[in-house]
Amino acid sequence: MLGIGWALRRRIRSSEDFFLSGRSIPAWIAGLAFISANLGAQEVIGMAASGAKYGIMTSHFYWVGAMPAMVFVGLFMMPFYYGSRARSVPEYLKLRFDEKTRGLNAITFAIMTIFSSGISMYALAKLFELVLGWSFHGSIVLSAVIVLIYIFLGGLTSAIYNEVLQFFLIVLGFLPLVLLGLKDVGGWSGLTAKLATVATNAGFEPGAWSHSWKYMDSPSHNPMGMEWFGLVMGLGFALSFGYWCTDFLVVQRAMAAGSMTAARRTPLIAAVPKMLMPMLVILPGMLAIGLHASRGGFLPIGSDGQPEYNLAIPMLLGHYLPTGLLGLGLTALMASFMSGMAGNVTAFNSVWTYDIYQTHIRPGQTDGHYLRVGHAATVFGILASVAAAYSATRFNNILDMLQLVFSFVNGPLFATFLLGMFWRRTTGHGAFYGLLTGTITAALHYGLTLPRGAVPGIKGGFLGAVLHVYPSEMALNFWTALFAWTGCFVATLLISLFTKRTKTDEELRGLVHSLTPRIQDGHMPWYKRPVTLAVGILVVSTILNIIFW
């Protein structure tokens with residue numbers, strides 16, 4: 001990994017090389033980086049933890065959330081991002097609305113990337129502490145230094161090529177783990193039998209951990225505590241579209257592609273392996289909780305009396321893999337951590353440099369000056385991530401914490417983008433105050449509700465009165481995102497109707513759907529067209545939903 005950063009350092013001659021790889025990355029490389037930027041330790045550890053805690057319902061993050069959203073961003077949103085030549089998502093907001101909207105989003109996004117990077121750091125430190133006996137604090141420092149060096153040397157280009165390498169390491173490292181685990185429990189039928197015990201012990205029907213839709217009629221019938229409407233709108237719409245369509249961490253990979261066609265294909269190419277990821281990252285968690293119920297005490301018990309779901313992957317690695325394969329598995333986890341943390345830090349340094357520093361602190365400086373600021377932002381981002389890592393110790397499932405952060409930032413932001421891209425009447429004042437209203441709505445909802453079994457504090461209820469108790473942390477997150485989206489959408493709509501437009505139609509050309517020339521794919525063979533690939537992705541994801549209904 002350090003070698004890649006060193007080898008690519010000579011290609012970094014300008015700030016665009018450092019932040020956007022000179023827009024020269026091939027589509028298949030950008031596509032794998034697109035998925036790998038999301039395939040950090042927080043997803044590998046978090047999805048496995050959720051597989052243990054919530055069962056196969058965790059697959060909704062992929063087949064209900066990610067697939068439609070990745071198709072949407074590839075077909076409809078990448079032409080705006082790439083065509084506008086914006087260097088970041090906040091910069092697109094400036095072009096579409098105004099400077100204050102860009103600044104607000106830049107600040108909230110920078111905070112989100114710090115927390116997300118810190119979660120990755122926490123996950124790796126817990127892994128080393130359990131499997132290798134290393135110090136938790138020492139592991140955090142070591143990992144921070146390694147990521148700092150190779151991002152500092154190679155910028156986004158080194159991060160992207162490392163992410164591609166890490167994608168293959170993750171697949172090769174976790175496939176033996178899944179195969180050995182399934183063989184041990186007697187295949188899928190043996191696993192479902194063990195999960196039936198998990199479900200009945202928790203007071204649910206036997207199939208609650210092995211069916212994704214069957215028990216979604218009521219929050220009391222499934223471990224996630226959600227009914228179908230809240231899941232589809234909270235996760236499938238507000239959170240997933242908010243993440244995949246507006247999170248610069250993943251959008252940055254597509255913006256580094258070599259052409260508009262390559263940029264549109266990037267999320268679609270990424271969606272193909274993405275839809276199969278539950279077999280590698282959710283199934284291990286289901287294996288772990290099945291073994292915990294059938295053999296007793298497989299997972300350590302936390303201070304809250306619940307199993308330490310975050311340790312599902314590390315416990316399986318130590319249980320199944322011999323020394324050689326254990327090393328491969330640990331390498332895969334290290335790769336996933338580096339991928340997640342590097343992706344967040346590179347997104348942080350781009351947004352800080354372009355959207356905060358250059359715009360509000362020191363405008364008009366040389367390109368070399370901003371390149372040095374990008375290096376300094378990388379150092380600061382990693383140091384701040386170290387502090388954020390310790391806040392993750394309060395959650396027995398890091399995905400619960402991650403989705404909480406996303407509900408505050410991406411939930412309301414998607415409402416702003418949706419109105420801005422498809423309604424030319426949306427004004428800068430509407431976007432800014434709508435975004436602010438959505439974030440405040442999220443804070444109010446979170447501060448007045450709690451998940452079952454939690455005490456007021458970091459998990460909610462911090463405003464004194466608790467008006468509602470949700471069955472799980474994830475249910476609270478989904479509804480927080482939906483409240484935030486709704487608050488932002490309504491406020492933006494109303495304020496825009498009562499404020500004056502400051503952008504002419506000519507200024508909005510290429511930024512609003514109705515004012516942008518349609519991209520013609522007729523000259524391409526049908527099998528190479530983005531629409532064809534998109535239809536195939538949606539059909540296969542629908543079939544997977546039916547299989548695991």
First select every other residue whose beta carbon is under 14 angstrom from the beta carbon of Gln520; then total the charges, Lys and Arg +1, Asp and Glu -1. +3
What is the gain in length, in nm to one decimal, between Val469 and His369 on full extension, counting 0.36 nm per residue of separation less the C-alpha to C-alpha distance? 30.9 nm
More than 19 angstrom apart: percent of Cα pairs within the stretch 234-343: 63 percent
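Provide the packing ranking of 299-305, 324-330, 273-279, 76-82, i.e. peptides ordered by the mean count of other C-beta atoms within 10 Å per residue, highest first.
Put in order of decreasing packing, that is 76-82, 273-279, 324-330, 299-305.
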For the chain, with all protein chains present and a 1.4 Å probe, just round the carbon and sulfur fraction of the accessible area to a whole percent. 68 percent
Any lysines whose Cα falls less than 20 Å from that of Lys459, other than same-chain ones fewer than 8 residues away, would be Lys53
Can you list the residues of the stretch 511-549 with backbone N under 18 Å from a point 7 Å past the Cα of Lys214, pointing along Cα to Cβ? 543-549
Measure nothing but the geometry: give the 0 to 90° angle between the long axis through the Cα atoms of 27-36 and the longest principal axis through the Cα atoms of the chain, rounded to 10°. 50 degrees
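Place a +1 charge on the Cβ of each Lys and Arg in the chain and a -1 charge on the Cβ of each Asp and Glu, then give the dipole magnitude about the Cα centre in debye, rounded to the nearest 20. Display every interim value, and only then the final one.
Details: 35 positive and 23 negative charges, 232 e Å.
With Lys and Arg at +1 and Asp and Glu at -1, about 1120 debye.
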Mind jotting down the distance between the C-alpha centroids of the stretch 94-131 and the stretch 459-488, whole Å? 21 Å
A chain fully extended from Arg425 to Asp521 at 0.36 nm per residue, minus the present Cα-Cα distance, gains in nm 31.6 nm
Among rounded, prolate and oblate, which fits the stretch 434-498 when a ≥ b ≥ c are the square roots of the eigenvalues of its C-alpha gyration tensor, a/c under 1.5 means rounded, and a/b larger than b/c means prolate? prolate
One finds the C-alpha centres of the stretch 298-359 and the stretch 507-549 to be spaced, in Å, by 32 Å
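Below 15 angstrom from the Cβ of Ala49, what's the summed charge of the other residues (Lys, Arg +1; Asp, Glu -1)?
Charge balance in the 15 Å sphere: -2.
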Report the net charge of residues surrounding Phe478, where surrounding means a beta-carbon distance below 12 angstrom and charges are Lys +1, Arg +1, Asp -1, Glu -1. -3
So I have (1) 45, 28, 23; (2) 35, 27, 23; (3) 88, 37, 16, and one of them is semi-axes √(5λ) of the Cα gyration tensor in Å calculated from this model. Which one is it? (2)
Quick one: if you stick a label point 7 Å off each Cα along the C-beta vector at Val490 and Val171, how many nm between them? 4.6 nm
Take each of the peptides 368-376, 288-296, average the number of other beta-carbon atoms within 10 Å over its residues, and list them starting from the highest. 288-296, 368-376
Anchor Lys100: lysines whose Cα lies under 24 Å away (excluding residues fewer than 8 positions away in-chain): Lys500, Lys503
Collect residues whose amide H, placed 1.01 Å from N in the peptide plane, falls under 5 Å from the amide H of Ser472; neighbours closer than 5 in sequence don't count. Arg452
Determine the shape class of the stretch 198-241: with a ≥ b ≥ c the square roots of the Cα gyration tensor eigenvalues, call it rounded for a/c under 1.5, and otherwise prolate if a/b is greater than b/c, oblate otherwise. prolate
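The values are calculated or read from the model by the stated rules, or taken from the named source; none is laboratory data. None of the values given here were measured: they were computed from a predicted structure. Quick reminder, even Gly has a Cβ in these numbers, built from the backbone with ideal geometry, and neighbours come from all protein chains shown. Just the protein is used for accessible areas: all its heavy atoms, side chains included, with ligands, DNA and RNA removed. Shrake-Rupley method; radii C 1.70, N 1.55, O 1.52, S 1.80 Å.
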